Amino acid sequence: FFGNEKKYLNDCIDSTFVSSVGTYVDRFEKEFATRVGSKYAIATVNGTAALHTALLLAGVAHHDEVLTQSVSFVATPNAITYCGAQPIFLDSDKSTLGLSPTALESFLIDNCHIKKDGYTYNLKTGRKISACVPVHIFGHPARIDQINKICNRFNITLVEDAAEALGSYYNGKHAGRFGKLGILSFNGNKIITTGGGGMILTDDDSLAKQAKHITTTAKKEHGWEYFHDQTGYNYRMPNINAALGCAQMENIHKILINKRNLASSYNVFFKSLNIPFVEEPEYCVSNYWLNAIITSNKKERDGLLTYSNKHKVMMRPLWTLLHRLPMYNSCQTDSLKNARWLEQRIVNIPSSVTQ
Ligand SMILES: *Cc1c(COP(=O)(O)O)cnc(C)c1O
């Protein structure tokens with residue numbers, strides 16, 4: 001924190017508007033939308049709630065299936081599960097770590113068919129594939145243009161999990177702006193933080209209205225009446241969190257420059273040792289949220305993790321692949337060849353913004 005955080009928090013307390021009413025939420029949403037170039041931005045209590053809401057608005061229904069990647073944080077399949085849908089875990093690109101367009105296309109061609117109603121169905125389960133959620137891992141943009149094209153061909157709604165990708169661009173366009181809806185997170189470990197928080201991005205007028213509506217208990221606007229027209233959610237971001245967000249946004253350029261400077265030092269260092277450092281993909285600007293190197297094999301990875309953690313430098317492996325977690329181990333997958341390769345080798349190295 002190096003800006004107006006304390007000032008804005010004091011202002012919330014002095015005004016008593018710390019909770020579901022107050023001007024910081026509107027301000028944070030407007031400034032955020034402008035920053036990323038989205039028509040609308042809707043603030044939520046956290047990124048998981050944002051993804052849950054985005055999937056509901058994408059039309060993901062009970063018993064549907066949603067395509068995503070095995071390399072991600074558990075929040076991605078959790079949000080799919082909250083909709084009553086099943087995740088299908090596909091492979092990642094070795095270079096971007098994000099969903100592999102080749103894996104996506106092969107899965108759809110080999111395992112699915114388009115029915116007369118125009119939607120894509122899984123041949124094995126007979127279930128509708130209603131959405132696809134690629135993830136921009138560690139802030140590195142996935143091959144989102146190609147993924148988008150494939151989704152369009154199969155009439156599958158693209159929802160981007162850009163939780164880690166604030167300040168990342170693919171071909172000059174901000175991550176999270178390629179799908180019908182995209183989401184970001186402001187958890188304490190992300191590029192900016194609101195304590196807890198998330199954002200839904202969309203350019204669609206109607207979806208933006210619905211997003212606001214169902215994240216605020218589906219209450220009809222009225223001076224005094226309490227009327228709710230559907231089962232909504234209490235997913236609105238409190239004013240006190242948005243106040244933090246407004247202060248953080250004032251310094252986001254500094255945070256992003258700091259991140260890129262650190263990554264570029266790492267890049268030079270690891271090049272000199274001939275150790276692969278995960279770099280921003282072609283045509284992309286990455287925020288380098290979480291820096292990573294690729295060790296030669298699992299043995300080398302474990303040696304490094306043991307050594308560094310013993311010496312109080314926290315390094316960590318990739319998340320356990322999602323299809324291996326107990327609640328997801330019966331979900332359909334493809335070969336996950338690259339995902340397994342990456343799981344054995346990736347090590348995340350210290351990535352904090354320093355002053
Ligand atoms: C952080 C994160 C989320 C969830 O965000 P929260 O704000 O922690 O709920 C979702 N997906 C990915 C890939 C994340 O890294």
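Can you confirm whether D93 is within 16 Å of the ligand (Cβ to nearest atom), in contact with a helix residue (DSSP H, G or I) (Cβ under 9 Å, 6 or more places away or on another chain) and of a type in the set (D, E)?
Against the criterion (within 16 Å of the ligand (Cβ to nearest atom), in contact with a helix residue (DSSP H, G or I) (Cβ under 9 Å, 6 or more places away or on another chain) and of a type in the set (D, E)), D93 qualifies.
Quick check: is even one residue across region 64-77 more than 14 Å from the ligand (Cβ to nearest atom), open to solvent by less than 50 Å² (accessible area, probe 1.4 Å), part of a helix (DSSP H, G or I) and not small (G, A, S)?
Looking through region 64-77, none of the residues is more than 14 Å from the ligand (Cβ to nearest atom), open to solvent by less than 50 Å² (accessible area, probe 1.4 Å), part of a helix (DSSP H, G or I) and not small (G, A, S).
Here is a check on your reading of the model: is T125 assigned to a loop (DSSP other than H, G, I, E, B), farther than 22 Å from A54 by Cα and either open to solvent by 60 Å² or more (accessible area, probe 1.4 Å) or touching a residue at least 24 places away in the same chain (Cβ under 8 Å) (or both)? Outline the logic, then answer.
Values: assigned to a loop (DSSP other than H, G, I, E, B): yes; farther than 22 Å from A54 by Cα: yes; either open to solvent by 60 Å² or more (accessible area, probe 1.4 Å) or touching a residue at least 24 places away in the same chain (Cβ under 8 Å) (or both): yes.
Yes; evaluated as a whole, the condition is true for this residue.
Scan region 344-355 residue by residue and report those that are closer than 26 Å to T102 by Cβ and open to solvent by 30 Å² or more (accessible area, probe 1.4 Å).
Hits for region 344-355 are Q344, R345.
Here is a yes/no grid of residues against (1) in a loop (DSSP other than H, G, I, E, B); (2) in contact with a Cys (Cβ under 9 Å, 6 or more places away or on another chain); (3) of a type outside the set (F, W, Y):
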| position | (1), (2), (3) |
| --- | --- |
| F1 | yes, no, no |
| Y8 | no, yes, no |
| C12 | no, no, yes |
| V18 | yes, yes, yes |
| D26 | no, no, yes |
| E29 | no, no, yes |
| R35 | no, no, yes |
| A43 | no, no, yes |
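Which of (1) out of contact with any strand residue (DSSP E or B) (no Cβ under 6 Å at 6 or more places or on another chain); (2) farther than 23 Å from G167 by Cα does L262 not meet, given it meets every other one?
It is condition (2) that L262 fails.
Residues being within 11 Å of the ligand (Cβ to nearest atom), hydrophobic (A, V, I, L, M, F, W, C) and not in a loop (DSSP other than H, G, I, E, B): count how many of those fall in region 177-228. I'd like the intermediate steps shown before the answer.
Narrowing region 177-228 to residues within 11 Å of the ligand (Cβ to nearest atom): 183-191, 193-199.
Those still in the list that are hydrophobic (A, V, I, L, M, F, W, C) too: 183-184, 186, 191, 199.
If we keep only those that are not in a loop (DSSP other than H, G, I, E, B) too, we end up with 183-184, 199.
Qualifying residue count, region 177-228: 3.
Inside region 161-176, can you point out the residues that are crowded, with 23+ Cβ neighbours inside 10 Å and more than 12 Å from the ligand (Cβ to nearest atom)?
Those that are crowded, with 23+ Cβ neighbours inside 10 Å and more than 12 Å from the ligand (Cβ to nearest atom): G167, S168, Y170.
So which of T320, T295 is surrounded by fewer than 19 Cβ atoms within 10 Å (Cβ to Cβ) and either at negative phi or not hydrophobic (A, V, I, L, M, F, W, C) (or both)?
Working: T295 fails: surrounded by fewer than 19 Cβ atoms within 10 Å (Cβ to Cβ).
From the options T320, T295, the qualifying one is T320.
Got a number for residues in region 323-341 being open to solvent by 90 Å² or more (accessible area, probe 1.4 Å) and hydroxyl-bearing (S, T, Y)?
Going through region 323-341, the residues open to solvent by 90 Å² or more (accessible area, probe 1.4 Å) turn out to be 324, 326-327, 329-330, 337, 340.
Next cut, hydroxyl-bearing (S, T, Y) only: 330.
Looking only at that region, the number is 1.
The values are calculated or read from the model by the stated rules, or taken from the named source; none is laboratory data. Remember, predicted model here, so these are calculated numbers, not experimental data. With ideal geometry, Cβ positions are generated from the backbone for all residues, glycine too; neighbour counts draw on all protein chains shown. Accessible surface is based on the protein model in full, side chains and every heavy atom, while ligands, DNA and RNA are left aside. Shrake-Rupley method; radii C 1.70, N 1.55, O 1.52, S 1.80 Å.
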